[in-house]
Amino acid sequence: MRVLGIETSCDDTGVAIYDDNTGLLANNLYSQILHADYGGVVPELAARDHIKEIIPLIKKSLQDAKLTSKDIDGIAYTAGPGLVSSLLIGANIACSLAFAWNVPAIAINHLEGHILTPLLEEKDNQPNFPFISLLISGSHTQLINVANLGQYYLLGESIDDAVGEAFDKTANLLGLDYPGGLKLSILAQRGIKDRFIFPRPMLKNGLDFSFSGLKTYVANFIRKQTNDEQTRADIACAFEKAISDILTIKCERAIKQTKINQLVISGGVSSNTTLRFYLKKMMIKCGGTLFCSRPEFCTDNGAMIAYVGLLRLKNGEKNYSLSVNVQPRWAVTDLLPININN
Ligand code: KG4
Ligand code: ZN
């Protein structure tokens, strides 16, 4: 079975083709840059850009895979959570193509895509079930017990800002363009460790997170500092260390509470190298293993949607009507279990 996956939940247009036997045949991404001028994603502009980019990306993916539309057995699309105007573009294209090509369409939860990205890696780099997932992106921060395919139990989440949002807003205050997470991380490499120490909120107990207080603290702190290059780098370094400490301590607590010693990190922020360093150190100390995906699978992508689409189509699920449904809010804990061997 071959599935075309379409991802348009926010400002990345992703298209991929996944084959049951041979794996990923094509994976194309267009990341919108126009939002840098506005300091964040403008939904109307994001939707217009998806419309421009999506058909060329689908054509390119078929070409890359040396396939035609006749070789596609199903179309998976991100139906939520995300920006409704962006979701509707991918959903409309997916359902229209499915109708024209006479194949099933399937609505996929974006968070499930992120959670299962390590299963796109080589077999010996994949976790077994159950594992703990730390999903850290521009709009989500969740710790999830992944009992099996489709069986997700929320352990904790951010009660305010997502960690990626905190990175992007702090980066903006440091004069870096949106999305600033990676740029902040690069700036932090030139920082003097421990020159500044920022607070780590909500550390004492529980598995929930809070980042808005840290963000406000850093905003006030920046105002009182000189704007020289070294100070900016030192602030970036202190911010990244505070975030890494918070996430590492919560993950260690989740590992100890659940006695599940495999940790998977996914979502855009999971490509942060400082965070990976501290999580890996903690997992070695706990006698467990950290699983990370390659950067193109950390960020939003069509591959994860095509892969989950394949699993769910094999599970017997599909869209039964011609109506196009998207769910801007859609908890990953509401999904049906998948009863197949992947
Ligand atoms: O998963 P993703 O591509 O999109 C969402 O579903 O939100 O995540 C995007 C987020 C942005 O906030 C971006 O700044 C952040 O991931 N990000 C990083 C890094 N690379 C991307 N944050 C920190 N360090 C990085 N290396
Ligand atoms: Zn995402």
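A short reminder: the numbers here are calculations on the coordinates, not readings from a lab. From a predicted model like this one, the values you see are computed outputs, not experimental measurements. We place every Cβ from the backbone using ideal geometry, glycine too, and count neighbours over all the protein chains shown.
Hey, among Arg294, Arg312, which residue is closer than 23 Å to Ala76 by Cα, crowded, with 22+ Cβ neighbours inside 10 Å and in contact (Cβ under 8 Å) with a residue 60 or more places away in the chain?
Numbers: Arg294 fails: crowded, with 22+ Cβ neighbours inside 10 Å.
Of Arg294, Arg312, the one residue that is closer than 23 Å to Ala76 by Cα, crowded, with 22+ Cβ neighbours inside 10 Å and in contact (Cβ under 8 Å) with a residue 60 or more places away in the chain is Arg312.
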Hits in region 273-294 - residues which are within 16 Å of ligand 2 (Cβ to nearest atom) and more than 13 Å from Leu134 (Cα to Cα): Arg294
When residues of region 48-88 are limited to those that are within 16 Å of ligand 1 (Cβ to nearest atom) and among the aliphatic types (A, V, I, L, M), the one nearest to Asn325 (Cα to Cα): Ala79
Residue check for Val15: assigned to a loop (DSSP other than H, G, I, E, B) and touching a residue at least 24 places away in the same chain (Cβ under 8 Å): no
Condition broken by His140, with the remaining ones in (1) over 23 Å from Ser210 (Cβ atoms); (2) out of contact with any helix residue (DSSP H, G or I) (no Cβ under 6 Å at 6 or more places or on another chain); (3) within 12 Å of ligand 2 (Cβ to nearest atom); (4) of a type outside the set (Gly, Ala, Ser) satisfied: (1)
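Looking only at region 245-254, count how many residues are of a type outside the set (D, E, K, R) and surrounded by 21 or more Cβ atoms within 10 Å (Cβ to Cβ).
Number of matching residues: 3.
Just checking, which of Ala16, Ala100 is within 22 Å of Cys298 (Cα to Cα) and either aliphatic (A, V, I, L, M) or in contact with a Gly (Cβ under 8 Å, 6 or more places away or on another chain) (or both)?
Numbers: Ala100 fails: within 22 Å of Cys298 (Cα to Cα).
Just one listed residue meets the conditions, Ala16.
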Cβ pairs under 7 Å, 6+ apart, first in region 132-148 and part of a strand (DSSP E or B), second among the small types (Gly, Ala, Ser) and within 8 Å of ligand 2 (Cβ to nearest atom): Leu135/Gly267; Ile136/Gly267
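Search region 164-186 for residues being more than 16 Å from ligand 2 (Cβ to nearest atom) and of a type in the set (D, E, K, R), and hand back the single one that is surrounded by the fewest Cβ atoms within 10 Å (Cβ to Cβ). Quick ask: steps written out before the conclusion?
Initial filter on region 164-186 (more than 16 Å from ligand 2 (Cβ to nearest atom)): 169-177, 180, 183-186.
Pick out the ones that are also of a type in the set (D, E, K, R) and you get 169, 177, 183.
Values: Lys169: 21, Asp177: 14, Lys183: 18.
By that ranking, first place goes to Asp177.
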